[in-house]
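Below: the structure, in structure tokens.
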Amino acid sequence: MATTKAAGTAKNLTDSNPKYLGIKRADGQAVAIGEVIVRQRGTRILPGKNIGIGKDHTLFSLVQGVVRFRTKRKMAFDGRSAVRRLVEVITR
């Protein structure tokens with residue numbers, strides 16, 4: 001006879017921490033130097049004027065100013081054109 005009662009094992013009880021992705025500063029909002037504007041996976045939103053890009057594709061401000069989101073028509077390598085989102089910081 002067994003000395004302990006038989007019990008099953010749970011295999012998927014672990015979970016990863018949330019990554020807090022998304023837009024952190026809205027259009028028209030004031031930002032300081034180095035302030036994070038967008039956290040993203042891949043360059044879904046492209047960097048424009050006065051925007052730096054981190055190695056994990058995080059977009060941040062290089063100057064103090066106001067955030068502006070806009071769209072831009074970009075040409076792909078195969079000749080197709082697509083509308084892409086772009087963020088930039090306008091200095092006052």
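Remark: the Ile90-Tyr20 segment gains 22.6 nm on full extension, using 0.36 nm per residue and subtracting the alpha carbon distance. Taking every DSSP beta bridge that has both ends in the chain, the antiparallel portion is near 85%. I need to check one value: relative contact order of the stretch 22-90, counting alpha carbon pairs closer than 8 Å and at least 6 residues apart, in percent. Relative contact order here is 34 percent.
Computed about its Cα centre, the charge dipole of the chain is approximately 320 debye, with only Lys, Arg, Asp and Glu carrying charge at their Cβ. Overall size of the chain from C-alpha positions, given as principal axis extents largest first: 80, 38, 20 Å.
Within the set Lys24/Lys55; Lys49/Lys74; Lys11/Lys55; Lys24/Lys74, which residue pairs have Cα atoms separated by over 22 Å? Violating the 22 Å limit, Cα to Cα: Lys11/Lys55; Lys24/Lys74.
Among the chymotrypsin sites (Phe, Trp or Tyr not before Pro) within the stretch 1-70, those in coil by DSSP and having at most 13 neighbouring Cβ atoms inside 10 Å are Tyr20.
No lab work stands behind these numbers, since they all come straight from the coordinates. Source: prediction; values computed, not measured. Heads up, the Cβs are rebuilt from the backbone with ideal geometry, glycines too, and the neighbour counts pull from every protein chain shown.
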